[in-house]
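A short write-up of the structure that comes next.
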Amino acid sequence: MLARKGVLAEKYLLTRLVEDNLPQPRYRARASRARFVTKNGSCNVAHKNIREQGRFLQDIFTTLVDLKWPYTLVIFTMSFLCSWMVFAMLWWLIAFAHGDLDAGRAGGTAVPCITSITSFTSAFLFSIEVQVTIGFGGRMVTEECPAAIIALIVQNITGLIVNAVMLGCIFMKTAQANRRAETIIFSRHAVVALRDGLPRLMFRLGDLRKSMIISATIRMQLVRKTTTREGEVVPISQIEVQVENPVRTNSIFLVSPLIISHTIDRSSPLYAVSEADLQQADLELVVLLEGVVETTGITTQARTSYLPEEILWGHRFVPIVTEEEGRYSVDYSKFGNTVKTNMPPLSAEQQDRGRDQSGNGPRPLAGALRKRGSSKPGNPSGIKPAVHFQSLDSLSDL
């Protein structure tokens, strides 16, 4: 009966009281770090309190091109409507001043400035015909009024300017290579792993289109907060990071996905960063790819960035290029897949210091050869004749 009423037994009462008094764990939501460049490549910098905003109107064409498509189409439509409306009012005033409206209603025989103008609606239709050169033939300007001839010339010139600016703006927006940059993909994560015995920061880059990017170059910058010797805090300090690719230059041949790497050596800004330091570091790696679109000849730029939580320590990318039936095949379903590798959590600086202290660091080639050879008087080079190198790779073991 007690169980039906929901009353707890006395043997559970003490336990329930202890559970109620236990401190509840507090979970703090991890604050999202600000990005300098978003994953889709757009700049994540907000401009506020600009004192000289009038400078944007001095370059109205660039401002119109930079606007989003809905705003551009609204401005495109309103520019024509407003110009038609303004000149329609001008034609109506000319007809009203000359008395063409009354003569048209009364059916007079006087020569009007503009034929068949009897209301503002007919003046608006005439304004459209003049500016877009439709010319239905029902309305026309006569030689009766010099003011009407001057208005005709002014509207034609104004219409040409509006057409040139707005059509040029639309053409530039459609000809931009931003959409071409969206078919260039970057791996979602960057990795840090050993390659050829050296710690390297790597990411994968690919192009989904068959049309190539000509003269493509790859760059990487490290964005972080720094403090100068004088104590000045620089919130966004951009440091150039040297990148390497299979071609050994910054220029790449992007016919298939490539793994771009950066060797973490003494000249690298990541030389003193370990796995634990990387998770707590306040930095961002910005990657920029620039090149010329083969089909249009327009320069394009693709951008992405990697935060510390997007850099996997001790991982490497899986192969995605295979040879099938005499041609190479790329499996983009594995584009960002990685596997775990043996990578010490120490920084490159700590690893070099450990090798120096243990005496297992790299030795000069000549010293290694003298140690393996003999120092007999008849053999000044110190190399035994019986020593033979099978390949150049064996030199690295020395």
Legend entry - Tensor-based shape of region 264-354 (alpha-carbon gyration tensor, a/c under 1.5 rounded, otherwise prolate or oblate): oblate
Inset, instruction - Could you pull the accessible area for residue 85 with a 1.4 Å probe, rounded to 10 Å²? - result: 90 Å²
Inset, instruction - Measure out, as a whole number of angstrom, how far apart the alpha-carbon centroids of region 279-330 and region 53-98 sit. - result: 44 Å
Inset, instruction - Compute the length gained on full extension between residue 214 and residue 74: take 0.36 nm times their separation in residues and subtract their Cα-Cα distance, giving the result in nm to one decimal. - result: 46.8 nm
Inset, instruction - Could you tell me whether region 44-162 comes out rounded, prolate or oblate from its Cα gyration tensor? Rule is a ≥ b ≥ c as square roots of the eigenvalues, rounded for a/c under 1.5, then prolate if a/b exceeds b/c, otherwise oblate. - result: prolate
Legend entry - Distance in nm between pseudo-label sites at residue 55 and residue 156 (7 Å out along the Cβ direction from Cα): 4.1 nm
Legend entry - Gained length - residue 96 relative to residue 332, 0.36 nm times residue gap less alpha-carbon distance: 77.8 nm
Inset, instruction - Apply the Debye scattering formula to region 147-273, with a single equal point scatterer on each alpha-carbon and no solvent, then give log10 I(q)/I(0) at q = 0.10 Å⁻¹. - result: -0.56
Legend entry - Under Karplus coefficients 6.51, -1.76 and 1.60, residue-wise ³J(HN,Hα) of region 121-135 in Hz, glycine/proline x: 5, 5, 5, 5, 5, 5, 4, 5, 5, 5, 6, 9, 6, 6, x
Inset, instruction - Could you sort out which of 39/68; 68/334; 225/340; 48/225; 48/68; 39/210 sit more than 26 Å apart by Cα distance in this structure? - result: 68/334; 225/340
Inset, instruction - List every residue whose amide H lies under 5 Å from the amide H of residue 116, counting only residues 5 or more places away in sequence or on a different chain, with H placed 1.01 Å from N in the peptide plane. - result: none
Legend entry - Qualifying GluC sites (Glu not before Pro) in region 176-261, DSSP loop, other Cβ atoms within 10 Å at most 15: 230, 232
Inset, instruction - Might you work out the accessible area of residue 332 for me, using a 1.4 Å probe with all protein chains in place, and round it to the nearest 10 Å²? - result: 80 Å²
Legend entry - For residue 187, solvent-accessible area (1.4 Å; no DNA, RNA or ligand), Å²: 0 Å²
Legend entry - Computed label-point distance, nm, for sites residue 298 and residue 39 using a 7 Å Cα→Cβ extension: 2.6 nm
Inset, instruction - Using θ = phi - 60° and the Karplus relation 6.51 cos²θ - 1.76 cosθ + 1.60, list the HN-Hα couplings for region 273-285 in order, rounded to whole Hz, with x at every Gly or Pro. - result: 9, 9, 5, 5, 5, 5, 5, 9, 6, 9, 9, 8, 9
Inset, instruction - Heavy atoms only, probe 1.4 angstrom, no DNA, RNA or ligands counted: give me 102, 331 ranked by accessible area, highest first. - result: 102, 331
Inset, instruction - Could you pull out every residue, at least 5 positions away or on a different chain, whose amide H is within less than 5 Å of the one on residue 315? Hs are placed 1.01 Å off N in the peptide plane, and Pro or chain starts have none. - result: 192, 341
Inset, instruction - Working with all protein chains in place, sort 277, 207 by solvent-accessible area computed with a 1.4 Å probe, largest first. - result: 277, 207
Legend entry - Protein-only accessible surface order, largest first, of 173, 334 at 1.4 Å: 334, 173
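The values are calculated or read from the model by the stated rules, or taken from the named source; none is laboratory data. The structure presented is a predicted model; accordingly, all values stated were derived computationally and were not measured. All Cβ positions, even for glycine, are placed from backbone atoms using ideal geometry, and neighbour counts span all protein chains on display. Each accessible area value is taken on the protein alone, full model and side chains, heavy atoms only, with ligands, DNA and RNA left out. Shrake-Rupley method; radii C 1.70, N 1.55, O 1.52, S 1.80 Å.
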